[in-house]
1. Would you please name the residue that is nearest to residue 113 (Cα to Cα), looking only at residues in segment 42-59 that are touching a helix residue (DSSP H, G or I) at 6+ places or on another chain (Cβ under 9 Å) and part of a loop (DSSP other than H, G, I, E, B)?
2. What about residue 24, is it farther than 24 Å from residue 141 by Cβ, under 14 Å from the mean Cα position of the chain (by Cα) and either surrounded by 14 or more Cβ atoms within 10 Å (Cβ to Cβ) or at pLDDT below 80 (or both)?
3. I need the full set of residues from segment 60-92 which are closer than 20 Å to residue 143 by Cβ, over 11 Å from the mean Cα position of the chain (by Cα) and in a helix (DSSP H, G or I), in order please.
4. Considering only residues that are assigned to a helix (DSSP H, G or I) and over 25 Å from the mean Cα position of the chain (by Cα), which ones fall in segment 123-143?
């Protein structure tokens with residue numbers, strides 16, 4: 001390979017990087033994962049704890065994908081754009097003001113978690129030597145469902161009439 005071939009290869013590579021890999025500020029505006037003003041709005045206190053535990057498979061025992069979160073939202077008749085998982089969870093619970101909403105949402109999350117538990121049980125039976133690993137994930141998933149139940153029990157509903165500005 002001579003110097004001209006190497007220069008041509010380098011020029012072709014630089015063009016590829018510029019066209020396909022560069023981060024143009026205009027591209028960031030069109031990226032749905034970048035966020036918008038709604039993503040910066042405050043969320044109820046439990047949401048940060050929920051996202052840190054629910055979205056970490058090492059803690060929750062399950063992985064909830066963007067599609068899972070989208071399906072959970074649709075099941076409770078909410079519309080969520082596909083974004084980063086944490087932004088989707090924050091959007092889902094941003095305007096939570098009733099236990100009923102939490103029960104519905106957490107009920108759907110529990111359905112997804114129970115589906116994973118069944119899968120883990122089947123895999124544990126099929127691959128006996130891996131059963132302790134799957135049992136550990138099952139235990140974490142069950143603890144996550146207990147955490148969701150505790151959040152519902154601790155939740156205080158916000159009534160419009162309890163706002164001090166309306167008194």
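The values are calculated or read from the model by the stated rules, or taken from the named source; none is laboratory data. Quick caveat, the model's predicted, so the values are computed rather than measured. Reconstructed Cβ throughout: ideal geometry from the backbone, glycine too, with neighbour counts over all protein chains shown.
1. Taking the candidates together, the pick is 55.
2. no
3. Selection gives 60 alone.
4. 124, 125, 126, 128, 129, 130, 131, 132
For (1) surrounded by 17 or more Cβ atoms within 10 Å (Cβ to Cβ); (2) closer than 14 Å to residue 55 by Cα; (3) free of Cβ contacts under 8 Å to residues at least 40 places away in the same chain, each residue gets a yes or a no:
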residue	(1), (2), (3)
74	no, no, yes
79	no, no, yes
85	yes, yes, yes
104	no, no, yes
118	no, no, yes
123	no, no, yes
128	no, no, yes
136	no, no, no
140	yes, yes, no
